[in-house]
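Encoded as structure tokens, the structure appears first; notes follow it.
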Amino acid sequence: MTAPITAPTTAAAPRPLPGTGAASGVLETLAFFRDPGFARRRFERHGNVFETRLLGQPLVFIRGERAITDLLADSRRVEGWWPASVRDLLGSRSLANRNGADHRARRRVVGQLFAAAALRRYSPAIVALVEELADELGQAKEPVALAERLRRFAFSVIATVVLGLDGDDREALFADFEIWTKGLFSFPLAIPGSPFARALAARGRLLERLTVVLRRAQAQAAAGEPLAAGGLDLLAGGLDEAGLPLADDDVVEQLLLLLFAGYETTASSLSCLMLALLQHPPVERWLREELAGLSWPPAPEQATSAYDPGRAPRLDAVVEEVMRLTPPVGGFFRRTTATLVLDGVEVPAGRVVQVALAAHNRHAPGDADIETFRPQRHLDGPCPVALLPFGGGERVCLGKALAELEIRLLAVGLLKRVELELVSGQNLDLQVIPSPSPRDGLLVRSRMAPREVVA
Ligand code: HEM
């Protein structure tokens, strides 16, 4: 028998990095902010990996499982990267701006806030916040801007439930935090009165207030008193890369990062989830059939698992589909520290790469309904695109388990307790920066659900 003829074992030479040819990047930057199909159009022209210039910065865009896997495969050949405005407002101590052992040590410390035991501790307070929101919606006589309520809910979860801030601290933080957020994706020049300058001033006040909160929690823990709320005692004893306790100003910058990372993203996913259900009544009915077999509120000791994918697969499929079509983080970044080959294309060292999740999630050659909202696809078999709404590799989202818990509890609680209806004539288009959210705030009329629906 003759041996089969096999292809030569040498891999094909990598292709050079295609570029859009942008010189200054001014037109590309305008197109980026105006055109939701910016990345898709360029992928169609140049393939899954291409380079352009935005805000004077060369930027490589990638999509497709192969290119993303190649990027995340070896953490020694990439590092974290954020635009200058985000970098400055988060601060140099923030784990988002650190790499290597510095980064890993801080993830270990902060990760204690999101371990399974911590989530069990938080879940009764999250359920109580859902109940509070359902009561408010059930009693509202006028239309309510639901997106705004969901922002407040998401802020309360991270600020009150996780960080343990009480009413006054929370209100003051919320106001400063909104100013700080507006500076995040602004031009990073502190000209007096500019969004960036106002955000820097708000950052100073936020850090001061968070320091007071941290010191209060430390004093209570030292006195052996239980905390009234939150998980800050879980950080006690967290060590840095040299085995020394983290300094307070270091911990406080991590807390600011958590407010940022845990708020806008979760608020966006909640608004997009409710919007998708309100726009697709057959999907809402299909989901309600599943929820009819589940009770609300969950028993306290089961709150973290009562609606998990095993018990509520349709809910899981709906959340997956919302995250696919409207990912809260439309793209995340890395900078290459060595030459990499991504999906056969050579990317030199020192390039900033954006994983273009929003475009990636809608790219499945041969799948005609990939643009359609169809949660059932996640139950029919593997999704044609690899989904990474929480990123990947060693910088994968630290708050993933909290976000998933929060989304499930809110979805089940609201659907069980209230009936919502869209107010007609509003603009339901999404503004996409910093995270997708309906332009007119998702105006709904709401009423209590009939008694028999409440289990
Ligand atoms: C639906 C909600 C959320 C989504 C879609 C989301 C998504 C992401 C993504 C895409 C990244 C970048 C990952 C990467 O670079 O590979 C990230 C990072 C991060 N997220 Fe989330 N996130 C969510 C909620 C949260 C929550 C609730 C928290 C905590 C309270 C949180 C904390 C973080 C932190 C600390 C990082 C930085 C990790 C690092 O650089 O090592 N996120 N998240």
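Every number here is computed from the coordinates shown, using simple stated rules; none is lab data. Only a predicted model underlies this, so the values are computations on that prediction, with no experimental measurement involved. Don't worry about glycine lacking a Cβ; one is built from the backbone with ideal geometry, like all the others, and counts go over all protein chains shown.
This ranking places GLU44, GLU404, GLU321 by how few other beta-carbon atoms lie within 10 Å of each, fewest first, which gives GLU44, GLU404, GLU321. Region 131-159 and region 175-239 have Cα centres spaced 24 Å apart. Computed over region 287-334, the alpha-carbon pair-distance distribution with 5 angstrom bins reads 5, 19, 21, 18, 15, 11, 6, 3, 1, each value a whole percent. Shown here for region 335-400: GluC sites (Glu not before Pro) in loop regions (DSSP other than H, G, I, E, B) with at most 11 other Cβ atoms within 10 Å, namely GLU371. Look at the Cα gyration tensor of region 1-112: its axes a ≥ b ≥ c give a/c of at least 1.5 with a/b at or below b/c, and that counts as oblate. Karplus-derived 3J(HN,Hα) values for region 395-404, using 6.51 cos²θ - 1.76 cosθ + 1.60 with θ = phi - 60°, are 10, 3, 3, 6, x, 3, 5, 5, 4, 5 Hz; glycine and proline are entered as x. For the chain, DSSP calls about 80 percent of its internal beta bridges antiparallel. Loop sites here are trypsin sites (Lys or Arg not before Pro) outside DSSP states H, G, I, E and B with no more than 12 other Cβ atoms within 10 Å. The longest part of the chain free of them is 142-438. What the pair-distance distribution of region 118-157 shows, using all Cα-Cα distances binned every 10 Å from zero, is 28, 50, 19, 4 percent.
Shape index of region 230-369: Rg/Rh, with Rg the Cα radius of gyration and Rh the Kirkwood radius from the inverse mean 1/r over Cα pairs, equals 1.07.
Once you reduce region 331-369 and region 396-447 to the center of their Cα atoms, the two points are 29 Å from each other. So which aspartates and glutamates can LYS416 reach, going by Cα to Cα under 19 Å and dropping same-chain residues fewer than 8 places off? Result set, ordered by chain and number: GLU131, GLU132, ASP135, GLU136, GLU284, GLU289, GLU290, ASP308, ASP316, GLU404, GLU406, GLU452. Within the straight-line cut-off of under 29 Å between alpha carbons, the lysines reachable from LYS182 are LYS400, sequence neighbours fewer than 8 places apart in one chain being disregarded. Computed over region 367-447, the range of Cα coordinates on each principal axis works out to 41, 34, 29 Å, biggest value leading. Rg over Rh for region 294-439 works out to 1.02, both radii taken from alpha-carbon positions and Rh defined as the Kirkwood radius. Quarter the surface of the alpha carbon convex hull of the chain and you get the mean projected area, 27.0 square nanometres. Rounded, prolate or oblate, given the Cα gyration tensor of region 128-238, with a/c below 1.5 counting as rounded? Judged from the Cα gyration tensor, region 128-238 comes out oblate (a/c at least 1.5, b/c at or above a/b).
Legend: Rg and Dmax of region 173-255, from Cα coordinates, 15.7, 47 Å. Using only alpha carbons, region 10-75 has a radius of gyration to Kirkwood radius ratio (Rg to Rh) of 1.01.
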